[in-house]
1. Along the range 215-227, what does the Karplus equation 6.51 cos²θ - 1.76 cosθ + 1.60 (θ = phi - 60°) give for ³J(HN,Hα), rounded to whole Hz, x for Gly and Pro?
2. Based on the Cα gyration tensor of the range 118-196, what are the three equivalent ellipsoid semi-axes, each the root of five times an eigenvalue, rounded to whole Å and given largest first?
3. Could you please tell me the mean projected area of the C-alpha convex hull for the range 43-291, averaged over all directions and given in square nanometres to one decimal?
4. If I model a spin label as a point 7 Å beyond the Cα along the Cα-Cβ vector, how far apart are those points for ALA102 and ASN261 in nm?
5. Report the calculated FRET efficiency for ARG275 and ASP187 (r = Cβ-Cβ distance, R0 = 25 Å), to the nearest 0.05.
6. Assigning unit charges at the beta carbon (Lys, Arg +1; Asp, Glu -1) and nothing else, what dipole magnitude in debye, to the nearest 20, does the range 177-305 show about its Cα centre?
7. Could you pull out every residue, at least 5 positions away or on a different chain, whose amide H is within less than 5 Å of the one on GLY124? Hs are placed 1.01 Å off N in the peptide plane, and Pro or chain starts have none.
8. How do ASP80, ASP103, ASP163 line up, fewest other C-beta atoms within 10 Å first?
Amino acid sequence: MNQRATTPRTSLSFRAVALVFAALLGIGLALGFLVYRKYVAYEPKVMHHVPVGATFVVRADLTHVMFYEPFRRSIFPLVDSFGPQKPSRRERLSALGLSVNADVREVLFALGPAEGDWIAAIGGHLPRSGAAKALADVLGREGQRVERAPQGYAVPAASLVFDETADGVLLLGSSFARLDSARPASDDSAELGLGAGGLSIAGGRLPAPLRALHANFRTGSVVGVNGEVSFQGEPALAERQLRGLFGSVSALDKALVEPLNQAEFSLDSSRVAFRVSLPRQAVERLAALAAGRLPGQAPRSTTTGGFEGP
């Protein structure tokens, strides 16, 4: 009787395959986490650099598409203002390690307390060599006079100063006094870091009896604005003034009319809470309007209804 030669089985057992797969999966997840932490993840921080006495502050988180796209189209091109066309200023900044379109993750803009006082705070994955130095190098190569001072850099012809904070936020402003006011990190305006951004208005920018307005943004199919206004005085008058304020803003562009007319209000003895839903078109129009009112772009204007716009 012939016996067939048996071939020894060399295939891996199911347990060995599972262990190898688990090991490779673990390595992949670890590498993905490291890449995410280094290149993608970002901890908001510009809200910690609101200058003392600011009366109008707005922050936008550009990791949210509803804000990123309007900024990419209307705000980011302002970086190239008054600069050579080819290569653009953004292209030259990118060559020095600062890609405006990719690295900037959040922006904050603050006005006041005096007329002409302003601060812009920019956060993101900015170059380790220094975003302020990169900007100074680019402006210097354009032939602009950039002065180095103990508080940072100054461009006298443009009435512009800028520097970086210890935690890596790029600050641009109207004076070194405003930069110094915004430089120390503080938690006083931490609520601006919630959700997709926030808004704060106080002082003479609101009509009496309104005293202070605070709101936060959340994004989805629309940008939801939830906030409240504190007041001192007659509740009915406070609500009328807030409705008038919304009416003044809606008059800026027809895309804002319907969303602001449909705002929801609730009133108690010391505050008026409100809720607004802004569709993409309204957000895009607000970004375009803001681009035309930033310092150095167009004269500031005052809207009707007692609200002094930025």
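Bear in mind that the values in this text are calculations on the coordinates, not laboratory data. Since the structure is predicted, the reported quantities are computational estimates derived from the model, not experimental observations. Glycine gets a Cβ as well: all are built from the backbone with ideal geometry, and neighbour counts include every protein chain shown.
1. 8, 10, 10, 9, 10, x, 6, 9, 9, x, 10, 10, x
2. 24, 14, 10
3. 13.4 nm²
4. 4.5 nm
5. According to the calculation, E is roughly 0.45.
6. 380 debye
7. ARG105
8. The order, fewest Cβ neighbours first, is ASP80, ASP103, ASP163.
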